Amino acid sequence: MCANSLNAARYVAEMVANSATYANKCNKGVLVGGMGSSSEQKLTCCQIQLIKESQDCFTEAEVIEHGYSFRNLFKPQHCPGNDGMLYRKGENLLIEHNGLEMVCKCLQFLCVSIGQDKQFHTFIECEKYNSLEDPDGSVIMDESTGYGIVPLPPASRLVVPVSSILRKVILYPRFDNPQSCTVIDFQRPILPETSHMAIIPFYPAVDDMIWINGSDPEPWLAKVLSVQSSTKTARVYYYISNGDSLYSPEPNQRLGVDRVHWDTILEVAMGEWRGNQWESYN
């Protein structure tokens, strides 16, 4: 099934919701964008092979060389509140295939005619991230959140039926290793039981007091002076410890002012002002 717009896809889902013939097919996903000459695509040998591998019942000869490419797919039952979920090219998703869950980046959705009856089947073509493993082969988890970690860039390409899509995930860069990301499974069906299990991306704002991962073993305290969203950096002024929980501005302005990347920011510093000094609660 396909529709020209998201509203049209929602309308189609509503119209066939009680249809014994079309409801199941619609719930697998409605392609959004319209099927025309502009979306027609000749499949590569690699794509045909990946489609064949995704379904044991297909043979390479049964896969037609031409298909249709789409940027979006609407799944009417993938969101609380019956609003449905629109999946887009470029988003990171959790895919289940052959009994395994894997993190993937969506490249496109493919509508392909297969078999002598020329029935259309819908697939997602994506890039798969490997799990980060230690030398023993055990999967490494983020110690502070319990989420998985994936190395960058993606390792391999995959084509699977759109019924394999579970939900969206967010890949959040790790400050200690920019070549890896923590997988934030924000749409998981079971909510976090404690605050320790929840992770919320932090974006600095002017006047925030923050902890920064510097070259010393202990983090550095700083006040945010300005934020540059385009470069994901912040201009900060460092505060130095007085030997207890109080911190004062670095007296040498040349040493005190710095520009840091967001990835080096550990967290918001908890505390309160005592005049021009910061009393830390951390």
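Read-outs throughout are calculated quantities, based only on the coordinates presented, and are distinct from any laboratory measurement. Since the model is a prediction, treat every value here as computed from it, not as a measurement. Counting neighbours? That spans all protein chains shown, and the Cβs are built from the backbone with ideal geometry, glycine included.
Brief remarks follow.
- Net charge of Cβ neighbours under 12 Å - reference Glu125; Lys, Arg +1; Asp, Glu -1: +4
- Taking each DSSP H run with n ≥ 4 as -39500 (n - 2.57) and averaging over every residue of the chain yields -3000 deg cm²/dmol at 222 nm.
- Packing-based ranking, highest mean first, of 169-178, 123-132 given that Cβ atoms within 10 Å are counted: 123-132, 169-178
- At R0 = 30 Å, FRET efficiency that the Cβ-Cβ distance of His97 and Ala20 yields, to 0.05: 0.60
- Farthest positive-ward along the range 209-280 dipole, Cα basis, beta-carbon charges - from Ser226, Leu255, Ser280: Ser226
- Between helix 45-54 and the chain there is an angle of about 90 degrees, using the helix long axis and the longest principal axis of the Cα atoms.
- Cα-projected label distance for Ser215 with Thr44, points at 7 Å along beta-carbon direction, nm: 4.4 nm
- Taking 0.36 nm per residue of separation and subtracting the current Cα-Cα distance, fully stretching the chain between Gln119 and Tyr237 would add 36.1 nm.
- Shown is the FRET efficiency for Asn177 and Arg254, computed with R0 = 25 Å from the Cβ-Cβ distance and rounded to the nearest 0.05: 0.25.
- Angle of helix 6-15 to the longest C-alpha principal axis of the chain, folded into 0 to 90 degrees and rounded to 10: 50°.
- Listed by chain and number, the lysines whose C-alpha is less than 22 Å from the C-alpha of Lys75, apart from same-chain residues fewer than 8 away, are Lys25, Lys28, Lys89, Lys105, Lys128, Lys168.
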